[in-house]
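Since the structure comes first, as structure tokens, the remarks are kept for the end.
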Amino acid sequence: MLLGGLLITVLTGGAVATAGLLQLKELQTEIQTFGHEAPFKKGTVTPTEPGKPQTMLLVGSDRRFGDGKKDARSDTMMLVRIDPKQTAITVMSVPRDLAVNIPGRGLAKINESYSLGGLDLTARTLKDLLGTPDERFHINHAVATTFGGFVEAINHIHCVYIDVDRRYYHSNAGLPVSEHWAEINVRAGYQRLCGTQALDYVRFRHLDNDIVRAARQQDFLRAAKDQLRDQGLLSNLKPLARIFAKATETDGDLQTSRGILRLAKLGVAASGKPVRQVHFPATFVAHGTSFEAGTASLGDYVTATPDQIHRAVREFMHPSPPQPFERAHKARKRAARAPMRDALAEGKALVKAMPSRKRTRIPVFVPAQLTRKGTYPASTEVAPNPRRYVLRGPAGHRFAAYRIVAVEDAQQGQYYGVQGTTWRQPPLLAGSHQTRRIANRTYSLYTNGKRLRLVAWETPKAVYWVSNTLSLDLSNSEMLALAASARKVTRR
């Protein structure tokens, strides 16, 4: 995931990317000095001609709580596609618990392929999974990275600002060893995540599922890419290249100046294109609920039909062009027709119970409506809802902020929310967007493909936004209805 952010940023900065080509010799020296070449069988990775599209496999190896080195598996598996003729750079995460046929192993979870045969077997397994008899799937580069490199790189770029959807907390204190798993302590709300805390966040999976975790990782990748772009790439290029080289192994072509130059030139041609998240259509299967032959030993796993996989591959290879969001009058009608329920009284009760602190004073907006399944989680000492806090910006600046969390489906990890802050220009809202006026407010609409990710608006004192779930489960109608119903509420 870190490599994806580094490469995409290196390759999509317009004039910055062009200037970066002048530093490729220095970049090559860093990679050749500190990098590691992974062994591949002939034909696993497919070299490309200059200027042709390229697909990269990015793998993060797994070494979880209590595991030894021999138990390492692929914890994160992501494909990145750069094609200058398409409308976007596409990113698709493959669930680590996906049930597949691994060459030489048989039916197993796909993350076993890395422990059995490294990058080579992982790449061959994916090619078999994603290809068809009529159209083979090609992987042009493959890279594996360790978590130590992730932590070092995140700290080098001074952390990443993330829109955290809910409270993530687990402590092993007082629990039997059988219930120990990776500890985490991340509060809800827009905030800066650094080092190991960022790693804990992107790896978390115990109270949701692989699909939500993949969406969380891709959201983090988008934020890291945008932040690195805004910081200025050239000052970060050499140290990040060294961190990347020390913490990764790659195919041989990425160890050569020719391979690096070919990839960099392709990126320059694709400069300025947005990153599109392609959803992998997996279905969760609980242990003991499937009658499919050979799955009894898999425990909980996810699965997908060949038709579902091939549709996702088509979108990955040929992303649909961006569509202008519907006009304001249609957006108003869509919001009015959304299947919502009244929730203003619930919102007022939450705000009334909020503690008042001078440094965190900010006008509070709450939605007068929630989705039909939506509820507010009870406020606790560990997870206050709403959470009122101080948001630390660049150069030590402090801003008032609050977060209201709503849950759509806790078992599926579907949380949405409302955020407010006196930081008028947070990095989250610096990306490309469209605007629409509904009633007496102008909204900024941030999309991923055809789905709304964020709906934001401004007041003279602050900015506010409604965040969709990580896996974008709320419809556009529901997102617009939430934002349009937001009302300013006092503690009186």
Query - Tally, over the range 334-351, of residues that are out of contact with any Lys or Arg (no Cβ under 8 Å at 6 or more places or on another chain) and surrounded by fewer than 15 Cβ atoms within 10 Å (Cβ to Cβ) - result: 5
**Report entry** Criterion violated by Leu474 - all others in (1) open to solvent by less than 20 Å² (accessible area, probe 1.4 Å); (2) without any contact (Cβ under 8 Å) to a residue 60 or more places away in the chain; (3) part of a loop (DSSP other than H, G, I, E, B); (4) among the hydrophobic types (A, V, I, L, M, F, W, C) satisfied
**Finding:** (2)
Query raised in the report: Consider Arg327 against the criteria (1) in contact with a helix residue (DSSP H, G or I) (Cβ under 8 Å, 6 or more places away or on another chain); (2) open to solvent by 90 Å² or more (accessible area, probe 1.4 Å): it satisfies all of them except one. Which criterion is unmet?
Result: (1)
Report task. Return the pairs, sorted by first residue and then second, in which the second residue is modelled with pLDDT of 90 or more, the first residue lies in the range 39-60 and is basic (Lys, Arg), the beta carbons are less than 7 Å apart, and the residues are 6+ apart or on different chains. Result -> Lys41/Asp120
Report task. State which residue pairs qualify: first residue more than 30 Å from Thr360 (Cα to Cα) and inside the range 189-216, second residue at pLDDT 85 or above and of a type in the set (D, E, K, R) in any location, beta carbons under 7 Å apart, and separation of 6 or more residues or different chains. Result -> Asp210/Arg96; Asp210/Asp97
Requested in this report: Answer yes or no as to whether Lys450 is open to solvent by 60 Å² or more (accessible area, probe 1.4 Å), within 21 Å of the chain's Cα centre (by Cα), within 21 Å of Ala481 (Cα to Cα) and not aliphatic (A, V, I, L, M).
Outcome: yes
Report task. List every residue pair whose Cβ atoms lie under 7 Å apart, where the two residues are 6 or more positions apart in sequence or sit on different chains, the first residue falls within the range 154-174 and is farther than 28 Å from Ile404 by Cβ, and the second residue, located anywhere, is open to solvent by less than 10 Å² (accessible area, probe 1.4 Å) and modelled with pLDDT of 85 or more. Result -> Asn155/Gly195
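Quick grid of which residues meet (1) in a helix (DSSP H, G or I); (2) free of Cβ contacts under 8 Å to residues at least 40 places away in the same chain:
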| residue | (1), (2) |
| --- | --- |
| Phe325 | no, no |
| Val351 | yes, no |
| Phe365 | no, no |
| Ala378 | no, yes |
| Asn385 | no, no |
Requested in this report: Given the conditions (1) touching an Asp or Glu at 6+ places or on another chain (Cβ under 7 Å); (2) within 22 Å of Lys225 (Cα to Cα); (3) open to solvent by 10 Å² or more (accessible area, probe 1.4 Å), report the number of the one that Tyr161 does not fulfil.
Outcome: (1)
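The values are calculated or read from the model by the stated rules, or taken from the named source; none is laboratory data. Since the model is a prediction, treat every value here as computed from it, not as a measurement. In this analysis, Cβ positions are derived from the backbone assuming ideal geometry, glycine residues included, and neighbour counts consider all displayed protein chains. Ligands, DNA and RNA are excluded from the accessible area calculation, which covers all protein heavy atoms including side chains. Shrake-Rupley method; radii C 1.70, N 1.55, O 1.52, S 1.80 Å.
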